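Colleague: Quick one: the structure is below, questions incoming.
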Amino acid sequence: MRGGGYKATPQRAAVLRALSEEQHQSLEEIRARCPEVGLVTVYRTLDLLGELGIVRRLDFGDGARYELAQDHHHHMICESCGDVSEFEECPLDPQLLPIQSSEFEVRSHSLEVYGRCAGCR
Ligand SMILES: [Zn+2]
Ligand SMILES: [Zn+2]
Ligand SMILES: [Zn+2]
């Protein structure tokens, strides 16, 4: 755990445990996995873990989803059934971005690919 103000409270441990059970969960799904933690606390905890770089907030067009930010990967989203799968090979070369490092320092990026999964085609 990085960062100054981080304390491993039981609530935070419960939220982290819920996150580790499945990637790309909505706030409601995370809450359902740790019903002992209040919704506002879950929300604040996700916010804090996001600031600490432990959790990534995602948006696939149907509201916020959360995942543990352990590795760099990208997402394929089925527009028909909403299924989300991941791929790790990063096709994005930062050197090819039309951005001068003098005017913008790149920290991270995300890439979502939308289409239809095999089951929906
Ligand atoms: Zn599908
Ligand atoms: Zn993911
Ligand atoms: Zn990438």
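Rule-based calculations on the coordinates, nothing more; no lab input. Note that the structure is a prediction, hence the values are computed from the model and not measured. Backbone-built Cβ (ideal geometry, glycine too); neighbour counts: all protein chains shown.
Colleague: Could you tell me whether any residue of region 22-41 is more than 16 Å from ligand 3 (Cβ to nearest atom), surrounded by 15 or more Cβ atoms within 10 Å (Cβ to Cβ), of a type in the set (G, A, S) and within 17 Å of the chain's Cα centre (by Cα)?
Modeller: No: zero hits.
Colleague: Does any residue of region 47-70 turn out to be more than 30 Å from R121 (Cα to Cα) and of a type in the set (K, R)?
Modeller: The answer is no, given that none of the residues of region 47-70 is more than 30 Å from R121 (Cα to Cα) and of a type in the set (K, R).
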